[in-house]
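What follows draws every value from the coordinates through simple rules; no lab data is involved. This structure is a prediction, so every number in the text was calculated from the model and none was measured. In this analysis, Cβ positions are derived from the backbone assuming ideal geometry, glycine residues included, and neighbour counts consider all displayed protein chains.
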Amino acid sequence: MADASPDFAVRPMTAADYDAVHALWQATPGVGLDPSDERAPTERYLQRNPGLSLVGVDSEGKIIAAVLCGHDGRRGYLSHMAVAPAARGAGLGRQLTEQCLAALAGQGVLKCNVRIFADNHAAAGFWRRMGFAPRQDLSVMQRTTAAGE
Ligand SMILES: CC(C)(COP(=O)(O)OP(=O)(O)OC[C@H]1O[C@@H](n2cnc3c(N)ncnc32)[C@H](O)[C@@H]1OP(=O)(O)O)[C@@H](O)C(=O)NCCC(=O)NCCS
């Protein structure tokens with residue numbers, strides 16, 4: 001009988017995953033990186049949101065997907081969702097999303113946001129499929145702090 005189990009597994013992201021995760025993000029168009037994605041702020045994010053960010057690994061333990069997940073006490077955020085091209089279309093993006101949303105719900109978080117580059121129509125299609133809807137009445141504004149200048 002054929003083995004119907006997926007050839008990937010999902011587990012929490014740890015600080016030790018940083019190099020592999022960062023390499024995946026760098027190789028993934030649609031994921032925008034800046035100095036906030038360097039090792040120290042990423043480790044701080046993981047410490048502030050324990051257990052919520054996830055990686056997907058193949059049968060040899062190689063990282064083939066990643067997503068940052070956190071919340072600020074009220075809103076949840078998913079960032080830098082990436083699945084390696086060879087692993088796409090097998091339900092890994094959905095599993096990462098659903099596990100993150102379940103964990104946020106378990107912590108009493110009512111809503112989750114995702115920021116998408118305006119020209120990333122493929123990602124928008126994926127997020128719609130995951131049940132996310134655009135907020136036409138909102139836009140993102142941003143500036144640097146003194147630490148970012
Ligand atoms: C978007 C991405 C994460 C999807 O990962 P994936 O593992 O291929 O997705 P899944 O196989 O879990 O697909 C889940 C569902 O979304 C659908 N889907 C996947 N990509 C889609 C797309 N571009 N448009 C519409 N639907 C899509 C699938 O058909 C599937 O539907 P179903 O479960 O109802 O049958 C992956 O393509 C990726 O890494 N893209 C580049 C990085 C990126 O742009 N990230 C977003 C940053 S905001």
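Could you tell me how many of the residues in segment 96-115 are surrounded by fewer than 17 Cβ atoms within 10 Å (Cβ to Cβ) and in contact with a Gly (Cβ under 8 Å, 6 or more places away or on another chain)?
Final tally of qualifying residues: 2.
Got at least one residue in segment 119-126 being touching a helix residue (DSSP H, G or I) at 6+ places or on another chain (Cβ under 9 Å), surrounded by 10 or more Cβ atoms within 10 Å (Cβ to Cβ), touching a residue at least 24 places away in the same chain (Cβ under 8 Å) and farther than 25 Å from residue 73 by Cα?
Of all residues in segment 119-126, those touching a helix residue (DSSP H, G or I) at 6+ places or on another chain (Cβ under 9 Å) come to 126.
Cutting the leftovers down to surrounded by 10 or more Cβ atoms within 10 Å (Cβ to Cβ) gives us 126.
Restricting the remaining residues to those that are touching a residue at least 24 places away in the same chain (Cβ under 8 Å) gives 126.
Next, only the ones that are farther than 25 Å from residue 73 by Cα stay: 126.
Scanning segment 119-126, I find at least one residue that is touching a helix residue (DSSP H, G or I) at 6+ places or on another chain (Cβ under 9 Å), surrounded by 10 or more Cβ atoms within 10 Å (Cβ to Cβ), touching a residue at least 24 places away in the same chain (Cβ under 8 Å) and farther than 25 Å from residue 73 by Cα, so the answer is yes.
Output the residues belonging to segment 1-59 that are among the acidic types (Asp, Glu) and in contact with a His (Cβ under 9 Å, 6 or more places away or on another chain).
37, 38
Answer with yes or no whether residue 79 is within 14 Å of residue 14 (Cβ to Cβ), under 8 Å from the mean Cα position of the chain (by Cα) and of a type in the set (S, T, N, Q). If you could, list the steps in order and put the result at the bottom.
Numbers: within 14 Å of residue 14 (Cβ to Cβ): no; under 8 Å from the mean Cα position of the chain (by Cα): yes; of a type in the set (S, T, N, Q): yes.
No; evaluated as a whole, the condition is false for this residue.
If I ask for residues that are near the ligand (Cβ under 8 Å from one of its atoms), of a type in the set (S, T, N, Q) and either in contact (Cβ under 8 Å) with a residue 40 or more places away in the chain or at positive phi (or both), which ones from segment 67-118 would you list?
Across segment 67-118, the qualifying residue is only 95.
Could you figure out which of (1) aliphatic (A, V, I, L, M); (2) within 13 Å of the ligand (Cβ to nearest atom); (3) over 21 Å from residue 55 (Cα atoms) isn't true of residue 133?
Going through (1) aliphatic (A, V, I, L, M); (2) within 13 Å of the ligand (Cβ to nearest atom); (3) over 21 Å from residue 55 (Cα atoms) one by one, residue 133 breaks only (2).
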